[in-house]
Each structure stands twice: as C-alpha cells, then as structure tokens.
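Read through the structure below, which is laid out as structure tokens, and then see the notes.
The values are calculated or read from the model by the stated rules, or taken from the named source; none is laboratory data. Worth saying up front: this structure is predicted, and the values here are computed from it rather than measured. Cβ sites come from the backbone with ideal geometry, for glycine too, and all protein chains shown count toward neighbours. Quick note on the areas: whole protein, heavy atoms, side chains included, nothing else; ligands and nucleic acids left out. Shrake-Rupley method; radii C 1.70, N 1.55, O 1.52, S 1.80 Å.
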Amino acid sequence: LGCGKSAHLPDAPADFWTPALFKDELVELTRHLGIDGRHAVVGQSWGGMLAMEYALDHPQGLRGLVVCDSPASMSLWVSEANRLRADLPPDVQETLARHEEAGTTDDQEYKDAVRVFYDRHLCRVPWPDCVQRSFDQIDEDPTVYHTMNGPSEFHVVGSLKTWDIT
C-alpha cells in the first residue's frame, strides 16, 4: 500500500502510516494468496523491518524469514549512516546540514547532496534501471517514505525514527 503499483493514498494523515497497517496488509496478503498456513517472508530494507515485526507476532504459518539490509534499530542505523556522512566532502555536509536545519529537504540542492552519499554508500556503480525506478517511484509519491522515514537514509525524522526491535 502506498508504493509501486499498489493503491496510493497521498492525502492519508501521517498517523495512518504505521507498522501495524503494513503487518495487517501482510496477513491479508497471505490469506488472499492462500498461503497463510505455510509461507516464508523475505524482506529487504523497510520490508525486513516489517518482516521482523510480523515474525514477532508468531503467525502460525510462518516457516521461514529472510531479512536483508534492514536495521533492527533506527537509532543505530542513523548513527552509522551519519558516521559515513561525516566522510563526505565538507561542502556536501554543509549543504545537507543547512537544508535540514531550514526544513528545505525538498530543494534540488539537498537532493543532489543526498545523491553524493547514495553514490558512495548505497550503490557504487552507475545506478541500474531497477534502482533508478525505485527512486523515481519515491519521487513520484514520497508519502510513505517521507512520513515513516524522512527525506533520506541518514536524516530520519519520520514515525520510524525511534523504531527498535532489539
């Protein structure tokens, strides 16, 4: 819900977008597919965080769980992302800090500075089409990502900023 080819609800209030909503969606999906009695879940990034939340509910049919590139603690994630951010060129760091302080993270200058970080730490080769399409989808409708995470992987100000499953 809220991304890809699923229904988009850009006018939904911020408190609509919760981990519980997505857990309920996952439960309903397994029922709809007729696999709720026996299934595995693979989650990457936010999907892995969701998978961990889901597994802790002990769904009877869950037989396996694979978590890829997902934090168990957002505070630890942000701490480590900002450790990497500290290695960026000073002008990039200044641009990021200035826009974050001003609340202008939708400015192209900020987005370009974020891209420097992503090119160093997210995908070090020219972005494959699948990576570019993912970011294009976020740009087209940033509702879920910006509401739950924030404008970047290191400036987490959304509802997940204190999320911790450890």
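Backbone phi angles across the stretch 30-47, fed through the Karplus curve with coefficients 6.51, -1.76 and 1.60 (θ = phi - 60°), yield HN-Hα couplings of 5, 5, 4, 7, x, 10, 4, x, 6, 7, 10, 10, 10, x, 10, 6, 4, x Hz in residue order; Gly and Pro are listed as x. If you plug the beta carbon distance of ASP139 and GLN93 into 1/(1 + (r/R0)^6) with R0 = 41 Å, you get a FRET efficiency near 0.95.
Note on surface exposure: VAL156, VAL125, VAL27 rank VAL125, VAL27, VAL156 by accessible area, highest first, 1.4 Å probe. For LEU65, nonlocal amide neighbours, meaning residues 5 or more places apart or on other chains whose placed amide H falls under 5 Å from its own, are VAL41.
Just to verify a number: FRET efficiency for GLU80 and VAL27, C-beta to C-beta distance, R0 = 22 Å, to 0.05?
Values: r = 31 Å, r/R0 = 1.43.
Here the calculated transfer efficiency is 0.10.
Taking 10 °C and 1.306 mPa s as the conditions, I'd like the Stokes-Einstein D for the chain in µm²/s, using the Kirkwood hydrodynamic radius from alpha carbon pairs. This corresponds to a translational diffusion coefficient of 92 µm²/s.
Can you send over the carbon and sulfur percentage of the accessible area for the stretch 15-166, probe radius 1.4 Å, protein chains only?
Ligands and nucleic acids excluded, carbon and sulfur reach 53 percent.
The gain in end-to-end length when the ILE165 to SER73 segment is fully stretched comes to 32.5 nm, 0.36 nm per residue minus the alpha carbon separation.
Accessible area per residue was computed with a 1.4 Å probe on protein heavy atoms; SER159 scores about 70 Å². A 1.4 Å probe run over the protein chains yields, for the chain, 60 Å² of accessible area per residue, whole-number rounding.
Here LYS23 is the anchor, and the lysines within straight C-alpha reach of less than 22 Å, apart from those fewer than 8 places off in the same chain, are LYS5, LYS161.
Which order do the peptides 107-117, 88-98 take when ranked by the mean count of other beta-carbon atoms within 10 Å per residue, highest first?
Details: 107-117: 16.3, 88-98: 14.5.
Peptide ranking by packing, descending: 107-117, 88-98.
With the simple spin-label model, which puts each label point 7 Å out from Cα in the Cβ direction, the ALA7 to CYS123 separation comes to 3.0 nm. Of all the options HIS39, HIS155, HIS58, the one that moves most in a Gaussian network model of the chain with Cα springs shorter than 10 angstrom is HIS58.
Taking a 1.4 Å probe, which of LYS161, LYS5, LYS23 shows the most accessible area, and what order do the others take after it? Please list the in-between numbers first.
Values: LYS161 105, LYS5 210, LYS23 35 Å².
Heavy-atom accessible area, descending, gives LYS5, LYS161, LYS23.
3J(HN,Hα) along the stretch 16-27, derived from phi through the Karplus expression 6.51 cos²θ - 1.76 cosθ + 1.60 where θ = phi - 60°, amounts to 6, 8, 10, x, 4, 4, 6, 5, 4, 4, 5, 4 Hz, with x in place of Gly and Pro.
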